[in-house]
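What follows draws every value from the coordinates through simple rules; no lab data is involved. Computed from a predicted model, the values in this text were never measured in an experiment. Because the Cβ atoms are built from the backbone with ideal geometry, glycine has one as well, and the counts that use them run over all protein chains shown.
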Amino acid sequence: MATATARFLRDLSTDPAALEALANEAKEFALELGALRHTEGSPEVVTYAPFTLFPTPVPRDAFHQALEVQSHFNVLMDKISQDPRFLEDTLASTIEADDFTARLFDILKRVEKEGRTQSIVLGINRSDYMFEQSDDGTSRLKQVEINTIAAGAFGVSDNIPVIHRHILRLVGLGDQCQSIPDCNSTAGIARALAKAWQLYGQKEAVILFHVENLHFVSFNHRNLQEMLRKRGISFMRKNFESVYESGRLDSDKRLFIDGVEVAVVFHRDGFMPHHYTEKGWEAKLMMERSLAVKCPDISTHLAGTKKVQQELARPGVLEKFFPDQPQVVEQIRATFTGLYTLDMCPEGDQTVAMALDSPGNFVLKPQREGGGNNFYEDNIVRILEEVKGDARRAAYILMERIRPKVEHNVLLRRGLPIKLTPVAAELGVFGAYVRNGGEMVLNEVLGHIMRTKGIDYEDGGISRVAMYDNLIHY
Ligand code: ADP
Ligand code: MG
């Protein structure tokens, strides 16, 4: 039982010297395995990636529920991306209120008008969940959001089960190791990228990693790039600026960068407003208009917005995408929590009243990705009081606040004191699909990652800083 680890941790926390020694062993092992991160912008100064000393207990059923629903989320994201009318209707109010979404949408309009050049579609997404604590003590899977572009954090996380098993063996809990599932999403991401590259059908063409930072390769990308290299696929890494400077489209709209043809663009940047300069917008448009397979393309990027998530939770909307599959609808809907529109309509007025009445029960989310943007408690009141009377409020959605099951763990991060801390875990499940025209040629559940945050009352209760973690079944 996973509670054995919880008991052990509680006892260990009364022996600071033993706890410190175990934490040091875990950190050293992480360094040896290459579970690293760069520090403060230096290519050669590294430390271990932040992680938890022990795995987090998660009910086996909830974990499998998340894995099983993922192939349906893959299909759903793909269907939404093929429905420009749905995107336009759903995002209409957001576009009015939010310049960033409006500019992304302009790119979609432009591409739709020109006619899409590429019928190969590659989607790599990550659906994120928390485990909600029910009154009866059980925990239920609840979706936080689905990321169609900001779907990172693979790579380093593959090492965490190895570290956790090592720690459990060291403390005499080796029998628990079998309850820790492997993390191996990187291999699946490589498979999906390779499939799209192969369908593009040009052996000399490369995969472009569109990244923010050119100075060093994130450790999360290093393994993936090696996996591609082993398959005989070359890649290049460019940021918006360098795509703008050295990219061009030929008369067939094939994308060339530094004279090399690009088969697949893997966007690891471009989901936050500050990622873009005017040259960045130009570069995004050029890539989008090109024949290269985009991961994600602009419509899939927009399918991952919080406004779309809110629309999907409305009665009857999932049914439109899965007309004859009530079981699929049920499986997807079972992961949803309350999501409410703030559009200028009676329903939106009700949302405002409900949020002002009990702000503690909700999270106010602007149309942003990438962390640190949401509002809680008094900030919900402050913002809604300011925007409730006009269309600015449509830049947000309101979401029921998930009350996560609280566990205790030791968070290992350079400079952080070693102590037992209340934490909440978040599960992410990676999915990938490749569509070639009308045919889905790959639809895979690639695996999971776990990240755990301290409960420190800074961000409405949960810290913004996530530690790599893994789960242990019970
Ligand atoms: P982002 O696109 O910025 O990652 P998320 O929707 O994932 O936005 O929210 C960021 C974080 O806020 C989540 O990782 C989670 O810790 C917390 N959070 C988001 N939605 C909820 C919710 N409904 N209830 C409780 N916490 C939430
Ligand atoms: Mg998120």
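Miscellaneous remarks
- The alpha-carbon of LYS405 sits under 19 angstrom from the alpha-carbons of these aspartates and glutamates, leaving out residues fewer than 8 places away in its chain: ASP61, ASP128, GLU132, ASP135, ASP136, GLU145, GLU426, ASP456, GLU458, ASP459, ASP469.
- Charge dipole of the chain (Cα centre as origin; +1 on each Lys and Arg Cβ, -1 on each Asp and Glu Cβ, all else neutral): 980 debye, rounded to the nearest 20.
- One chain, two ends: ARG382 and PHE216. Fully extended at 0.36 nm per residue, the span grows by 55.7 nm beyond their Cα-Cα distance.
- Net charge over other residues, Cβ less than 13 angstrom from the Cβ of SER139 (K, R count +1; D, E count -1): -1
- Mean separation of Cα contacts under 8 Å, 6 or more apart, over the residue count of the chain: relative contact order %: 26
- Entry note, the range 338-401: relative contact order of 48 percent, from Cα contacts under 8 Å with a spacing of 6+ residues.
- FRET efficiency for ASP182 and ASP136, using Cβ-Cβ distance with R0 set to 30 Å, rounded to 0.05: 0.45
- Segment ASN436-MET272, extension gain: residue separation times 0.36 nm, minus the distance between their alpha carbons: 56.1 nm
- Shape category assigned to the range 338-401 from the gyration tensor of Cα positions, a/c cut at 1.5: rounded
- Ranked by the mean number of other Cβ atoms within 10 Å of their residues, highest first, the peptides 283-293, 360-370 fall in the order 283-293, 360-370.
- Remark: ASP15, ASP98, ASP269 ranked as ASP15, ASP269, ASP98, counting other beta-carbon atoms within 10 Å and listing the fewest first.
- Restricting the GluC sites (Glu not before Pro) of the range 19-118 to loop positions (DSSP other than H, G, I, E, B) with no more than 16 neighbouring Cβ atoms within 10 Å leaves GLU40, GLU44.
- Given LYS142/LYS419; LYS79/LYS279; LYS203/LYS294; LYS294/LYS453; LYS79/LYS113, the pairs whose alpha carbons are separated by over 21 Å: LYS142/LYS419; LYS79/LYS279; LYS294/LYS453
- The magnitude of the dipole of the range 357-454, with charges of +1 and -1 set on the Cβ of Lys/Arg and Asp/Glu and taken from the Cα centre, is near 380 debye.
- Annotation: the residues TYR396, TYR433, sorted from fewest to most other C-beta atoms within 10 Å of their own C-beta, follow the order TYR433, TYR396.
- With neighbour counts taken as other beta-carbon atoms within 10 Å, the residues HIS275, HIS301 rank, fewest first, as HIS275, HIS301.
- Shape call, the range 281-392: gyration tensor on alpha carbons, a/c limit 1.5: oblate
- Largest-first principal axis extents, alpha carbons of the chain, Å: 69, 57, 44
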